[in-house]
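Reading through the C-alpha coordinates given below for one structure.
The values are calculated or read from the model by the stated rules, or taken from the named source; none is laboratory data. Every value quoted in this text rests on a predicted model; they were computed, and no experiment measured them. With ideal geometry, Cβ positions are generated from the backbone for all residues, glycine too; neighbour counts draw on all protein chains shown. Accessible surface is based on the protein model in full, side chains and every heavy atom, while ligands, DNA and RNA are left aside. Shrake-Rupley method; radii C 1.70, N 1.55, O 1.52, S 1.80 Å.
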Amino acid sequence: MSREDQLFIRGIGVELPQKRIDIASAVRSGLYDAERAEREGFSSVVVAEGTTPVEMTLAAAERAIGDLPRQRIAALFHTSINRHGHKKLWPPAFGIQRGLNLDHTALAVSLSSGCNSAFQACILARAMFISGMADHALVAGGDVFGGGRFDRFGSDLGAVYGDAAAAMLLSTETGIFRILHIDIDSESRLEEMYRDTEVVDEMSAPPQEEYDVGSSKKRFLERVGKDTFKDLFSGCLDRLRSRLLHAHPLLDQPVKFVIYPNVGLGISAPLYAAAFSDLAHVDHWKFGRAIGHVGTCDQLIGLHDLEINGHLKPDDRVLLIGAGNGLSAATMLLERTGIGHTDRSV
(Lines give C-alpha, C1' and ligand atoms only; values in the text may rest on other atoms or scores of the structure.)
Protein backbone atom coordinates (compact mmCIF):
# COMPACT_ATOMS: atom_id res chain seq x y z
CA MET A 1 0.00 0.00 0.00
CA SER A 2 1.34 3.43 -0.96
CA ARG A 3 1.78 6.30 1.49
CA GLU A 4 -1.04 8.10 -0.32
CA ASP A 5 -3.43 5.26 0.53
CA GLN A 6 -2.16 4.74 4.08
CA LEU A 7 -3.84 7.36 6.23
CA PHE A 8 -5.33 6.78 9.67
CA ILE A 9 -6.76 8.56 12.68
CA ARG A 10 -4.62 6.97 15.38
CA GLY A 11 -6.20 8.70 18.37
CA ILE A 12 -9.00 11.08 19.30
CA GLY A 13 -9.29 13.27 22.38
CA VAL A 14 -12.22 15.43 23.40
CA GLU A 15 -12.96 18.05 26.04
CA LEU A 16 -16.73 18.48 26.27
CA PRO A 17 -18.07 20.42 29.27
CA GLN A 18 -20.74 18.83 31.44
CA LYS A 19 -22.73 22.04 31.89
CA ARG A 20 -25.50 22.67 29.41
CA ILE A 21 -27.93 25.52 28.96
CA ASP A 22 -31.36 24.26 28.01
CA ILE A 23 -32.71 26.07 24.95
CA ALA A 24 -36.17 26.52 26.47
CA SER A 25 -34.64 28.27 29.48
CA ALA A 26 -32.49 30.44 27.18
CA VAL A 27 -35.67 31.56 25.40
CA ARG A 28 -37.48 32.25 28.68
CA SER A 29 -34.60 34.37 29.96
CA GLY A 30 -34.44 36.39 26.73
CA LEU A 31 -31.05 35.07 25.61
CA TYR A 32 -32.40 33.40 22.48
CA ASP A 33 -35.16 34.45 20.11
CA ALA A 34 -38.19 32.14 20.33
CA GLU A 35 -38.82 32.06 16.57
CA ARG A 36 -35.20 31.21 15.87
CA ALA A 37 -35.25 28.50 18.52
CA GLU A 38 -38.27 26.90 16.90
CA ARG A 39 -36.76 27.13 13.43
CA GLU A 40 -33.24 25.99 14.29
CA GLY A 41 -34.10 23.01 16.46
CA PHE A 42 -31.37 22.94 19.11
CA SER A 43 -32.21 21.37 22.48
CA SER A 44 -29.25 22.62 24.56
CA VAL A 45 -25.75 24.06 24.31
CA VAL A 46 -22.56 23.09 26.18
CA VAL A 47 -20.89 25.78 28.28
CA ALA A 48 -17.38 25.76 29.75
CA GLU A 49 -16.62 27.24 33.16
CA GLY A 50 -13.25 28.19 34.62
CA THR A 51 -11.16 27.20 31.63
CA THR A 52 -9.77 28.61 28.38
CA PRO A 53 -9.90 27.23 24.85
CA VAL A 54 -6.16 26.55 24.83
CA GLU A 55 -6.33 24.64 28.15
CA MET A 56 -9.15 22.54 26.76
CA THR A 57 -7.26 21.95 23.51
CA LEU A 58 -4.13 20.84 25.37
CA ALA A 59 -6.15 18.32 27.38
CA ALA A 60 -7.80 16.94 24.24
CA ALA A 61 -4.44 16.74 22.46
CA GLU A 62 -2.85 14.80 25.33
CA ARG A 63 -5.57 12.18 25.04
CA ALA A 64 -5.29 11.96 21.26
CA ILE A 65 -1.51 11.44 21.37
CA GLY A 66 -1.66 8.70 23.98
CA ASP A 67 1.58 6.77 24.27
CA LEU A 68 3.14 7.92 20.99
CA PRO A 69 6.60 9.47 21.63
CA ARG A 70 6.23 13.23 21.17
CA GLN A 71 9.29 13.51 18.92
CA ARG A 72 7.45 11.47 16.28
CA ILE A 73 4.88 14.22 15.71
CA ALA A 74 6.19 16.25 12.79
CA ALA A 75 3.36 18.77 12.49
CA LEU A 76 0.75 20.45 14.67
CA PHE A 77 -2.23 22.31 13.24
CA HIS A 78 -4.24 24.39 15.71
CA THR A 79 -7.77 25.38 14.63
CA SER A 80 -10.24 27.86 16.10
CA ILE A 81 -12.76 30.52 15.09
CA ASN A 82 -13.01 32.74 18.17
CA ARG A 83 -10.54 34.63 20.37
CA HIS A 84 -8.01 32.63 22.37
CA GLY A 85 -7.93 35.04 25.32
CA HIS A 86 -4.36 36.32 24.97
CA LYS A 87 -2.62 39.13 23.11
CA LYS A 88 -3.67 39.59 19.49
CA LEU A 89 -0.32 38.49 18.05
CA TRP A 90 0.06 35.38 20.20
CA PRO A 91 0.06 32.26 17.96
CA PRO A 92 -1.76 29.47 19.84
CA ALA A 93 -0.11 26.68 17.83
CA PHE A 94 3.21 27.45 19.50
CA GLY A 95 1.56 27.47 22.91
CA ILE A 96 0.21 23.99 22.15
CA GLN A 97 3.60 22.88 20.80
CA ARG A 98 5.29 24.00 24.01
CA GLY A 99 2.58 22.61 26.26
CA LEU A 100 2.87 19.19 24.62
CA ASN A 101 6.67 19.34 24.60
CA LEU A 102 6.83 18.60 20.87
CA ASP A 103 10.16 18.60 19.09
CA HIS A 104 11.56 21.97 17.98
CA THR A 105 11.58 20.72 14.38
CA ALA A 106 7.80 20.16 14.37
CA LEU A 107 5.84 22.44 12.04
CA ALA A 108 3.36 24.43 14.15
CA VAL A 109 0.57 26.25 12.29
CA SER A 110 -2.40 28.24 13.62
CA LEU A 111 -5.41 28.02 11.29
CA SER A 112 -8.27 30.45 11.69
CA SER A 113 -9.98 29.77 8.40
CA GLY A 114 -13.53 29.12 9.54
CA CYS A 115 -15.26 26.02 10.83
CA ASN A 116 -13.76 23.81 8.10
CA SER A 117 -10.22 24.44 9.36
CA ALA A 118 -9.73 20.93 10.78
CA PHE A 119 -10.47 19.38 7.40
CA GLN A 120 -8.16 21.87 5.72
CA ALA A 121 -5.47 20.84 8.21
CA CYS A 122 -5.99 17.18 7.29
CA ILE A 123 -5.43 18.02 3.63
CA LEU A 124 -2.15 19.74 4.52
CA ALA A 125 -1.09 16.83 6.73
CA ARG A 126 -1.84 14.35 3.96
CA ALA A 127 0.40 16.31 1.59
CA MET A 128 3.20 16.11 4.15
CA PHE A 129 2.67 12.36 4.48
CA ILE A 130 2.73 11.78 0.72
CA SER A 131 5.94 13.82 0.37
CA GLY A 132 7.62 11.83 3.12
CA MET A 133 7.98 14.86 5.41
CA ALA A 134 5.99 13.26 8.22
CA ASP A 135 4.48 10.06 9.58
CA HIS A 136 2.37 11.63 12.34
CA ALA A 137 0.57 14.97 12.58
CA LEU A 138 -1.73 16.43 15.20
CA VAL A 139 -4.86 18.45 14.42
CA ALA A 140 -6.25 20.10 17.55
CA GLY A 141 -8.47 23.03 18.35
CA GLY A 142 -11.22 24.47 20.45
CA ASP A 143 -13.25 27.53 21.32
CA VAL A 144 -14.97 29.14 24.29
CA PHE A 145 -17.69 31.64 23.42
CA GLY A 146 -18.61 32.90 26.89
CA GLY A 147 -17.13 35.92 28.63
CA GLY A 148 -16.57 37.98 25.51
CA ARG A 149 -18.35 40.09 22.92
CA PHE A 150 -19.44 37.10 20.85
CA ASP A 151 -23.00 36.22 21.86
CA ARG A 152 -23.40 32.45 21.54
CA PHE A 153 -27.16 32.89 20.99
CA GLY A 154 -27.34 36.10 18.98
CA SER A 155 -24.16 37.00 17.10
CA ASP A 156 -24.80 34.61 14.21
CA LEU A 157 -27.78 33.30 12.28
CA GLY A 158 -28.54 29.60 12.01
CA ALA A 159 -26.65 28.27 15.03
CA VAL A 160 -26.00 28.54 18.73
CA TYR A 161 -22.38 28.14 19.82
CA GLY A 162 -21.05 25.66 22.36
CA ASP A 163 -17.67 25.44 24.11
CA ALA A 164 -15.46 22.41 23.43
CA ALA A 165 -12.12 21.17 22.15
CA ALA A 166 -11.04 18.14 20.17
CA ALA A 167 -7.90 16.65 18.70
CA MET A 168 -6.97 13.85 16.32
CA LEU A 169 -3.60 12.24 15.77
CA LEU A 170 -3.11 11.40 12.09
CA SER A 171 -0.74 8.60 11.12
CA THR A 172 0.53 6.68 8.10
CA GLU A 173 1.09 3.57 10.21
CA THR A 174 -2.01 2.46 12.08
CA GLY A 175 -5.12 3.77 13.74
CA ILE A 176 -8.63 3.24 14.99
CA PHE A 177 -10.06 4.75 11.80
CA ARG A 178 -8.76 4.39 8.26
CA ILE A 179 -9.36 7.48 6.14
CA LEU A 180 -10.74 6.08 2.88
CA HIS A 181 -11.45 9.42 1.26
CA ILE A 182 -10.86 13.07 2.03
CA ASP A 183 -11.78 15.91 -0.29
CA ILE A 184 -12.26 19.65 -0.11
CA ASP A 185 -14.05 22.21 -2.26
CA SER A 186 -14.88 25.90 -2.07
CA GLU A 187 -17.24 28.60 -3.27
CA SER A 188 -15.52 31.91 -2.73
CA ARG A 189 -18.52 33.95 -3.90
CA LEU A 190 -20.04 33.22 -0.50
CA GLU A 191 -17.25 35.01 1.35
CA GLU A 192 -19.41 38.12 1.07
CA MET A 193 -21.74 36.65 3.68
CA TYR A 194 -19.10 37.20 6.36
CA ARG A 195 -17.77 40.69 5.70
CA ASP A 196 -19.04 44.24 5.66
CA THR A 197 -19.85 45.97 2.39
CA GLU A 198 -16.93 48.32 3.08
CA VAL A 199 -13.95 48.44 5.40
CA VAL A 200 -14.92 49.56 8.90
CA ASP A 201 -12.52 51.68 10.93
CA GLU A 202 -11.77 49.85 14.16
CA MET A 203 -11.83 52.99 16.30
CA SER A 204 -15.15 54.35 15.02
CA ALA A 205 -17.30 51.21 15.31
CA PRO A 206 -18.68 49.80 18.56
CA PRO A 207 -16.46 46.88 19.70
CA GLN A 208 -19.27 44.33 19.57
CA GLU A 209 -20.01 45.13 15.91
CA GLU A 210 -17.06 43.02 14.77
CA TYR A 211 -18.82 39.98 16.25
CA ASP A 212 -22.20 40.67 14.66
CA VAL A 213 -21.93 37.98 12.01
CA GLY A 214 -25.67 37.79 11.54
CA SER A 215 -26.05 41.30 10.13
CA SER A 216 -23.68 40.65 7.22
CA LYS A 217 -25.52 37.41 6.44
CA LYS A 218 -28.84 39.25 6.39
CA ARG A 219 -27.52 41.93 4.05
CA PHE A 220 -26.05 39.32 1.72
CA LEU A 221 -29.27 37.31 1.53
CA GLU A 222 -31.31 40.47 0.94
CA ARG A 223 -28.90 41.53 -1.82
CA VAL A 224 -28.57 38.27 -3.78
CA GLY A 225 -31.59 36.29 -2.62
CA LYS A 226 -31.88 32.97 -0.84
CA ASP A 227 -32.08 31.03 -4.10
CA THR A 228 -28.67 32.29 -5.20
CA PHE A 229 -27.21 31.39 -1.81
CA LYS A 230 -28.69 27.89 -2.02
CA ASP A 231 -27.48 27.38 -5.59
CA LEU A 232 -23.91 28.38 -4.73
CA PHE A 233 -23.84 26.32 -1.53
CA SER A 234 -25.46 23.28 -3.17
CA GLY A 235 -23.07 23.49 -6.10
CA CYS A 236 -20.11 23.15 -3.77
CA LEU A 237 -21.66 20.18 -1.93
CA ASP A 238 -22.72 18.54 -5.20
CA ARG A 239 -19.14 18.62 -6.49
CA LEU A 240 -17.97 16.90 -3.32
CA ARG A 241 -20.76 14.33 -3.60
CA SER A 242 -19.92 13.58 -7.22
CA ARG A 243 -16.24 12.95 -6.51
CA LEU A 244 -17.10 10.86 -3.44
CA LEU A 245 -19.46 8.64 -5.41
CA HIS A 246 -16.95 8.32 -8.23
CA ALA A 247 -14.53 6.77 -5.73
CA HIS A 248 -16.94 4.86 -3.46
CA PRO A 249 -20.33 3.23 -4.35
CA LEU A 250 -22.19 4.64 -1.36
CA LEU A 251 -25.56 4.62 -3.11
CA ASP A 252 -25.36 0.82 -3.18
CA GLN A 253 -23.45 0.50 0.11
CA PRO A 254 -24.45 3.39 2.40
CA VAL A 255 -22.34 4.20 5.44
CA LYS A 256 -23.65 3.56 8.94
CA PHE A 257 -23.58 7.20 10.09
CA VAL A 258 -23.18 10.64 8.58
CA ILE A 259 -22.13 13.56 10.80
CA TYR A 260 -22.95 17.08 9.60
CA PRO A 261 -21.90 20.44 11.04
CA ASN A 262 -24.05 21.26 14.09
CA VAL A 263 -25.98 24.07 12.46
CA GLY A 264 -29.66 24.78 12.81
CA LEU A 265 -32.36 23.31 10.64
CA GLY A 266 -33.32 26.63 9.10
CA ILE A 267 -30.49 27.67 6.74
CA SER A 268 -27.68 25.26 5.88
CA ALA A 269 -28.72 21.94 7.41
CA PRO A 270 -31.30 21.13 4.68
CA LEU A 271 -28.56 21.57 2.09
CA TYR A 272 -26.31 19.01 3.79
CA ALA A 273 -29.18 16.54 4.06
CA ALA A 274 -30.15 17.03 0.42
CA ALA A 275 -26.62 16.31 -0.71
CA PHE A 276 -25.67 13.41 1.55
CA SER A 277 -28.56 11.89 3.54
CA ASP A 278 -29.14 9.08 1.04
CA LEU A 279 -25.52 7.93 1.49
CA ALA A 280 -26.00 6.94 5.16
CA HIS A 281 -28.42 4.94 7.28
CA VAL A 282 -28.48 7.44 10.17
CA ASP A 283 -27.32 10.99 10.88
CA HIS A 284 -26.04 12.19 14.26
CA TRP A 285 -28.11 15.35 14.63
CA LYS A 286 -29.78 14.18 17.86
CA PHE A 287 -26.37 14.44 19.52
CA GLY A 288 -25.33 17.61 17.69
CA ARG A 289 -28.48 19.54 18.56
CA ALA A 290 -27.77 18.96 22.26
CA ILE A 291 -24.26 20.47 22.26
CA GLY A 292 -24.56 23.30 19.73
CA HIS A 293 -22.10 24.34 17.07
CA VAL A 294 -18.63 23.95 18.58
CA GLY A 295 -16.57 25.72 15.93
CA THR A 296 -14.06 23.46 14.20
CA CYS A 297 -14.85 20.40 16.37
CA ASP A 298 -18.40 19.32 15.49
CA GLN A 299 -17.55 16.26 13.44
CA LEU A 300 -14.71 14.95 15.59
CA ILE A 301 -16.75 15.26 18.78
CA GLY A 302 -19.64 13.49 17.07
CA LEU A 303 -17.32 10.69 15.92
CA HIS A 304 -15.92 10.39 19.43
CA ASP A 305 -19.44 10.08 20.82
CA LEU A 306 -20.25 7.22 18.45
CA GLU A 307 -17.03 5.46 19.38
CA ILE A 308 -17.17 5.73 23.17
CA ASN A 309 -20.81 4.68 23.27
CA GLY A 310 -20.14 1.50 21.33
CA HIS A 311 -22.06 2.39 18.17
CA LEU A 312 -19.18 1.40 15.88
CA LYS A 313 -17.65 -1.99 15.22
CA PRO A 314 -14.81 -3.01 12.87
CA ASP A 315 -15.54 -2.29 9.19
CA ASP A 316 -18.33 0.20 9.98
CA ARG A 317 -18.01 3.35 7.91
CA VAL A 318 -18.78 6.94 8.89
CA LEU A 319 -19.07 9.96 6.60
CA LEU A 320 -18.03 13.34 8.00
CA ILE A 321 -19.23 16.52 6.29
CA GLY A 322 -17.32 19.71 7.02
CA ALA A 323 -18.15 23.30 6.12
CA GLY A 324 -17.07 26.76 7.10
CA ASN A 325 -17.37 30.38 6.08
CA GLY A 326 -15.62 31.07 2.84
CA LEU A 327 -17.34 28.82 1.66
CA SER A 328 -15.08 25.87 2.32
CA ALA A 329 -16.59 22.38 2.51
CA ALA A 330 -15.21 18.87 2.86
CA THR A 331 -16.00 15.17 2.95
CA MET A 332 -14.13 12.52 4.91
CA LEU A 333 -15.02 8.83 4.68
CA LEU A 334 -13.79 6.68 7.56
CA GLU A 335 -13.71 2.97 8.23
CA ARG A 336 -13.46 1.60 11.76
CA THR A 337 -10.51 -0.75 12.04
CA GLY A 338 -10.15 -3.56 14.54
CA ILE A 339 -7.34 -1.78 16.38
CA GLY A 340 -7.76 -0.44 19.90
CA HIS A 341 -10.25 2.24 20.75
CA THR A 342 -10.18 5.95 21.33
CA ASP A 343 -10.27 7.79 24.66
CA ARG A 344 -13.16 6.47 26.74
CA SER A 345 -12.49 8.67 29.74
CA VAL A 346 -14.38 11.71 28.53
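Output the qualifying pairs, or none if there are none: Cβ atoms under 8 angstrom, residues six or more apart or on different chains, first residue in the stretch 19-33 and without any contact (Cβ under 8 Å) to a residue 24 or more places away in the chain and open to solvent by less than 80 Å² (accessible area, probe 1.4 Å), second residue part of a strand (DSSP E or B) and of a type in the set (Gly, Ala, Ser).
What qualifies is 22/44.
Using beta carbons and a limit of 7 Å, which pairs, at least six apart or on different chains, have the first residue in the stretch 121-145 and farther than 17 Å from residue 181 by Cβ and the second one open to solvent by less than 10 Å² (accessible area, probe 1.4 Å) and at pLDDT below 95?
128/134
So, of the residues in the stretch 173-200 that are in contact with a strand residue (DSSP E or B) (Cβ under 7 Å, 6 or more places away or on another chain) and polar (S, T, N, Q), which turns out to be nearest to residue 31 (Cα to Cα)?
Among those that are in contact with a strand residue (DSSP E or B) (Cβ under 7 Å, 6 or more places away or on another chain) and polar (S, T, N, Q), it is 186.
Only one of these is over 18 Å from residue 184 (Cβ atoms), touching a strand residue (DSSP E or B) at 6+ places or on another chain (Cβ under 9 Å) and in contact (Cβ under 8 Å) with a residue 60 or more places away in the chain: 290, 329, 273, 323. Name it.
After ruling out the rest, the residue left standing is 290.
What are the residues in the stretch 242-255 that are open to solvent by 60 Å² or more (accessible area, probe 1.4 Å) and of a type outside the set (Asp, Glu), if any?
Within the stretch 242-255, 242, 243, 246, 249, 251, 253 meet the criteria.
Kindly indicate the residue of the stretch 44-74 that is open to solvent by 40 Å² or more (accessible area, probe 1.4 Å) and among the polar types (S, T, N, Q) and also farthest from residue 159 (Cα to Cα) among those meeting that condition.
The extreme case among them is 71.
Looking only at the stretch 328-346, count how many residues are modelled with pLDDT under 95 and open to solvent by 20 Å² or more (accessible area, probe 1.4 Å).
Residues that pass the stated criteria total 8.
How about the stretch 298-326: which of its residues are open to solvent by less than 10 Å² (accessible area, probe 1.4 Å) and in contact with a His (Cβ under 8 Å, 6 or more places away or on another chain)?
302, 306, 307
Looking at the stretch 194-241 only, could you name the residues that are within 23 Å of residue 161 (Cα to Cα), open to solvent by 50 Å² or more (accessible area, probe 1.4 Å) and either among the aromatic types (Phe, Trp, Tyr) or modelled with pLDDT under 85 (or both)?
Selection gives 194, 196, 206, 207, 208, 209, 210.
Just to be sure I understand the filter: pairs with C-beta atoms under 9 Å, separated by 6 or more residues or on different chains, first member in the stretch 159-173 and farther than 30 Å from residue 22 by Cα, second member of a type in the set (Asp, Glu). Which pairs pass?
Short answer, once both residue conditions are applied: 171/135; 172/135; 173/135.
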